[in-house]
Amino acid sequence: GRSDGEGAVEEARKEVEQALGLLEEEKRKRETLEQERVNEKVTWEDKEQKVALELEQLLHKLEIAREHENERGRARKRERDTDRGKILSLVQSRVELQAAL
């Protein structure tokens with residue numbers, strides 16, 4: 001049979017292989033985690049970009065809406081001015097009419 005020395009060497013070799021296997025596994029786990037972290041970061045950056053883009057679009061819509069509102073306000077003011085002008089000219093006509101009578 002084999003001497004005790006050979007058995008001890010064989011045992012040590014198995015332990016070293018096991019330890020190396022565990023190291024490899026840990027390395028793979030870490031690489032997987034790092035890759036997941038990178039993917040997560042990319043996902044977050046992607047989400048942040050999408051949110052930023054949506055915010056920009058909303059701000060743009062808001063500006064357009066505000067501009068429309070201002071335009072409507074100006075249109076209403078023009079209408080009021082026009083109405084005021086019509087009323088004033090009617091009053092003026094009536095005054096002139098009464099003066100003529």
Checklist outcome for this item: Among T43, T32, T82, the residue with the largest mean-square fluctuation in a Gaussian network model of the chain built from Cα contacts under 10 Å is T82
Next on the checklist: I need the fraction of alpha carbon pairs in the chain separated by more than 25 Å, rounded to a whole percent.
Outcome noted: 71
Next on the checklist: Among G5, A19, A100, which residue has its Cα furthest toward the positive end of the charge dipole of the chain, with +1 on Lys/Arg Cβ and -1 on Asp/Glu Cβ?
Outcome noted: A100
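Only four residue types carry charge here, +1 at the Cβ of Lys and Arg and -1 at the Cβ of Asp and Glu. Report the dipole size of region 14-55 about the Cα centre in Debye, rounded to the nearest 20.
Values: 9 positive and 13 negative charges, 5 e Å.
About 20 debye.
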Checklist outcome for this item: The simple spin-label model distance between Q35 and K14, using points 7 Å out along Cα→Cβ, in nm, is 3.2
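Summing +1 for each Lys or Arg and -1 for each Asp or Glu, what net charge is found among the other residues whose Cβ lies under 13 Å from the Cβ of V42?
Cβ neighbours under 13 Å give a net charge of -2.
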Checklist outcome for this item: Nearest 10, in degrees from 0 to 90: the angle of helix 4-100 to the longest Cα principal axis of the chain is 0
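Taken together, the values in this text are just the output of simple stated rules run on the coordinates, not laboratory data. All values derive from a computational prediction rather than experimental measurement. Here the Cβ is made from the backbone with ideal geometry for all residues, glycine too, and neighbour counts use every protein chain on show.
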